[in-house]
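What follows is a single structure, written as structure tokens, with notes after it.
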Amino acid sequence: MAANLFAHAWPSASVTVIESPEIGIIGVGEGSTPQLKAFFDRLGIAEAEWMPACNATYKNGIAFHGWSERAGYDGYFHPLPSPLDLHTAPAFFDATRQRRHGQDVWAHPDRFFLPARLAAERLAPIAAEAFPLGPAYGYHFDAHLVGAFLRDHAVKQGVVHLERRIVEVAVADGVVTHLVAEGGEQIDGDLFVDSSGFRAVIHQAALGVPFVSFGENLFNDSAVVMPTPADPTGTASATRATALRAGWAWDIPLTSRTGNGYVYASSYCSKDEAEAELRAHLGVGDEGTARHLSMKVGRVAETWVGNSLAVGLSQGFIEPLEATALHIVQATVEGFIQAYEAGGFTPANRDAFNTRIAARYDGIRDYIVCHYRMNRRSDTAYWRDNAANDRLSDSLKSIITCWFIGGDLEAEITQQGIAGYYAATSWHCLFAGYGVYPETAPNPAGPGSTDMAAIDDFLRRAARNFGDHRAALAALG
């Protein structure tokens, strides 16, 4: 991704990717945010060109299941943005405020947003030509195939691809002077991008950039993954996140298979226990091979140090609950290009850039943490301890307080300046989806003012402009 964006922004620059064929990538099947569409659009790559080649499908959002024990709230849908939200989100916000003040109104998020309806009916987020209000959407895809596709595209744009294993990073006066490959070959450069994974061989190992752990905020540090065959009855158009004993399991639908994994906390669950629980969840018994992964959750203190830029796992990692990994890569590289150019290709804007990227990481972390802090399960120590976790940022504490006192959550998000990480709709869906409302209404005020019949009819009619997901994928070629 970085090489393609650099080559696109600076066509006269010499861009080289060094990749060892002996070192595998972690890719286990990915989901994305809507920003990935902007990435491919920026490079001029059509969906019909890359999606079939990477077994990709469309993503309307994330369906959460089992995160709350409250009656009527066993699941909820986190929708990706839609222009139609302008017609329904205000009613949803108002309904949640009424409900928090004790009024007997419908305030579960799923009936208020078009992507939830599209996902429930396995429809693609691609609107008919006569309907101009299609939602933003993400993708599901095979990460290995996307990496190979982007490699080939980069080479066509003039990027040099070298298969080498780096054994030394030479540093002088806080900057990287060159790399040394196995066999002694020296590779020079003006700017070095560390995408060496959790090893972070340039940024952390050679330059000594500190790592800021999120371990006290996010308990999960491990995963076990295994694929299963694609659903023969149709192709889902949403990621599924199901709460299990010590974490949660993902279900990512590709055209070729279903990607599955269990993200868990090793302090509450052993590898063997996690694999057994995932197999039971999938109903596969001893079939197939599972792969175990460890996660280093947190971020580097500074993303741009000297002449080194960290991206991907070298830069940091927040667990995959909201599929933000590639979103952060894209934001980092595009933000660096802008800052570097604006500073006359000098470090003039480095501090401001680092501050912005750190704030993005921390803002995303807070939204992920809130999923666990506000869970409404009590069946295991893992969920109880998450609900009792008080290691929260001041920002997150203010958001939670605003919700519980019946305040204007949209205004709070705006006042904090964090809507660029997750908008008010996302925060409302999280709280409301768990059913975090008064158990009993102190002074019920009747049915409230939300006309749910009108909203149901509006979204039903809007959804008629979208077709079957599998058919939309077939039309790509």
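The values are calculated or read from the model by the stated rules, or taken from the named source; none is laboratory data. Fair warning: this is a prediction, and the values are worked out from it, not measured in the lab. So basically every Cβ, Gly included, is an ideal-geometry build from the backbone, and we count neighbours across all protein chains shown. Heavy atoms of the whole protein, side chains included, go into the accessibility calculation; ligands, DNA and RNA do not. Shrake-Rupley method; radii C 1.70, N 1.55, O 1.52, S 1.80 Å.
General observations
- Here is the figure for the stretch 288-316: residues that are within 24 Å of Gly247 (Cβ to Cβ) and either more than 19 Å from the chain's Cα centre (by Cα) or open to solvent by 10 Å² or more (accessible area, probe 1.4 Å) (or both) total 13.
- The strands (runs of 3 or more DSSP E) found wholly in the stretch 9-108 and carrying at least 3 residues that are closer than 27 Å to Tyr434 by Cα and either open to solvent by less than 50 Å² (accessible area, probe 1.4 Å) or without any contact (Cβ under 8 Å) to a residue 24 or more places away in the chain (or both) occupy 61-65, 75-79.
- Listing of strands (runs of 3 or more DSSP E) fully contained in the stretch 166-256 that carry 1 or more residues being among the polar types (S, T, N, Q): 175-181, 186-188, 211-213, 222-229, 239-244
- Single match in Ile368, Ile405 (criterion: under 17 Å from Asp94 (Cβ atoms) and either among the aliphatic types (A, V, I, L, M) or open to solvent by less than 10 Å² (accessible area, probe 1.4 Å) (or both)): Ile405
- If you filter the stretch 257-267 down to residues that are part of a loop (DSSP other than H, G, I, E, B) and not aliphatic (A, V, I, L, M), you find that the one that is nearest to Arg279 (Cα to Cα) is Ser266.
- Leading residue by the ranking (surrounded by the fewest Cβ atoms within 10 Å (Cβ to Cβ)) among those in the stretch 228-263 that are of a type in the set (Ser, Thr, Tyr) and without any contact (Cβ under 8 Å) to a residue 60 or more places away in the chain: Thr233
- Single residue of the stretch 377-402 satisfying the filter (closer than 19 Å to Ala432 by Cβ and of a type in the set (A, V, I, L, M)) that is surrounded by the most Cβ atoms within 10 Å (Cβ to Cβ): Ile399
- Scanning the stretch 179-227 for residues that are within 26 Å of Leu278 (Cβ to Cβ) and open to solvent by less than 30 Å² (accessible area, probe 1.4 Å) yields Gly197, Phe214, Asn217, Leu218, Asn220, Ser222, Ala223, Val224, Val225, Met226.
- All of (1) loosely packed, with under 13 Cβ neighbours inside 10 Å; (2) free of Cβ contacts under 8 Å to residues at least 24 places away in the same chain hold for Glu163 with one exception: (2).
- Selected residue (criterion: nearest to Thr355 (Cα to Cα)) from residues of the stretch 317-342 that are of a type in the set (A, V, I, L, M), open to solvent by less than 10 Å² (accessible area, probe 1.4 Å) and more than 12 Å from the chain's Cα centre (by Cα): Ala339
- The residue of the stretch 139-165 that is farthest from Ala119 (Cα to Cα), among those that are part of a helix (DSSP H, G or I) and of a type outside the set (A, V, I, L, M, F, W, C), is Lys156.
- The residues of the stretch 329-355 that are charged (D, E, K, R), out of contact with any Gly (no Cβ under 8 Å at 6 or more places or on another chain) and closer than 24 Å to Ser196 by Cβ amount to a single one, Glu334.
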